[in-house]
Amino acid sequence: MATFVPAARVDRIRESPSVAAAQRVRELKAQGREILDLTVGEPDFDTPDNIKSAAITAINTGQTKYTAVNGIPALREAIATRAASRTGIQYADNQITVGGGAKQVIFLALMATVEAGVEVIVPAPYWVSYPDMVLAHDGTPVIVQCEESDNFLLTPHALADAITPNTKWVILNAPGNPTGSVYTREQLQAIAEVIEANPHVSVLVDEIYDEINFGDAPITSLLEVAPHLRDQVLVTNGVSKSHAMTGWRLGYGLGNSGLIGAINKLQGQSSSCPSSISQAAAVEALTGDQSFLTESVRSYRLRRDLSTRLLGAVPGLEPVVPQGAFYLFVNCAALIGKQTPGGTVIESDQDLVLYLLDEASVATIQGSAYGASPYFRISFAASEAVLEKAAAQIAAAVERLS
Ligand code: PMP
């Protein structure tokens, strides 16, 4: 058999740590172990019925063919209306694209702009995919470490220091995965000033979690404070997290028409278009009854409070209280250097995550996967019963460390 020789880009990128963690959990479950899986980055709710019905209607009325590369007009219109109500910015039809998940839109945006020599600033902790997507397109991810004391947010000084003549993008994600941190209006204004002073730099604003917000006021978007930067900003979003639609693979991007056109060109030669059925469902998600959002966010907030309280009570663990999304990032610095009952020293967050999997039967993801150590991430998109059980098992396992 001929040997498979991958292109260099395949060797450059990592397998997604969340995919690897899910695989580990599957293996242990197959061995008969009962594992509480807190690794999964998706809502535990079912897709709302009105959205499912819209998809079924689409199937039954023949909306089952290729659509325009950039999506059906009704969906682009719904996206434009949502954007205008959030930021006051009117996007023209050729400034909006729809793809197979926000992930694909981000991937194609980077494919359209990144090549060897191009630098992309990625504040850490980051969503695991950003650096690898940059590497996949021969670019250089420039990781900027953000401090817990700054709520893990990128400061204007750190941003200014990281910019070089080769910088093409900075990626901002708020509420962020894995921290749930959110920028204030003032923080965004200060970042906008740095971007304004560097017209060669664009900002990829990943707002996939913007509906999952625990504050009283809506989350401020960069373009609300700096609408004049709209040509330098690509906003990406989708229905995966907000409307419990991760499997439908539907996301979108709003930006300048040149970039959107380039993304469309690449999409036309790769997937052709996103699923017609998912697009019909997404129109309903964006324009139909929104009571699911209120209810699900209320539930996430309760679980955020529960998991923060329970894990915060474990000596050696310090959760960073998230303002949005459904993840809890937990500082575990005090446990590094401790010994397990079997005599192994916990030398890193990776070691702790393995220990928690073995000893507490709870699956979490190590902070190093997100570029920040020593921390671990749990997803609290799980039932209260599971969260309580997981916290009790973690507490008992941590107590056995000496
Ligand atoms: N951005 C962030 C920060 C995410 O966490 C995710 C999903 N894990 C995505 C984008 C991609 O979402 P989608 O399902 O729309 O591709």
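The values are calculated or read from the model by the stated rules, or taken from the named source; none is laboratory data. These numbers come from a predicted model, not from an experiment. A quick note on method: Cβ atoms are made from the backbone with ideal geometry, for glycine too, and the neighbour counts reach across all protein chains shown.
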Out of curiosity, is TYR66 more than 16 Å from the ligand (Cβ to nearest atom) and touching a Leu at 6+ places or on another chain (Cβ under 7 Å)?
-> no
In the range 238-258, what residues are surrounded by fewer than 22 Cβ atoms within 10 Å (Cβ to Cβ) and touching a Lys or Arg at 6+ places or on another chain (Cβ under 9 Å)?
-> ARG249, ASN256
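Each row is one residue, and each column tells you yes or no for (1) under 23 Å from PHE326 (Cα atoms); (2) touching a residue at least 12 places away in the same chain (Cβ under 8 Å).
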position	(1), (2)
GLU27	no, no
ALA30	no, no
LEU38	yes, yes
GLN63	no, yes
ARG76	no, yes
ALA84	no, no
TYR91	no, yes
VAL98	no, yes
Within the range 219-240, is there a residue that is over 21 Å from TYR91 (Cα atoms), within 11 Å of the ligand (Cβ to nearest atom), in contact with a strand residue (DSSP E or B) (Cβ under 9 Å, 6 or more places away or on another chain) and hydroxyl-bearing (Ser, Thr, Tyr)?
-> yes
Exactly one of GLY88, GLY71, GLY41 is at pLDDT below 95, over 30 Å from ASP161 (Cβ atoms) and in the same structural domain as VAL201 (by TED's automatic domain parsing), and that one is GLY88
Options ALA80, ALA102, ALA84; residue that is under 24 Å from the mean Cα position of the chain (by Cα) and within 16 Å of the ligand (Cβ to nearest atom) = ALA102
So is GLU211 among the charged types (D, E, K, R) and within 16 Å of the ligand (Cβ to nearest atom) or not?
-> yes
Can you name every residue in the range 356-402 that is buried (at least 24 other Cβ atoms within 10 Å of the Cβ) and of a type in the set (Lys, Arg)?
-> ARG377
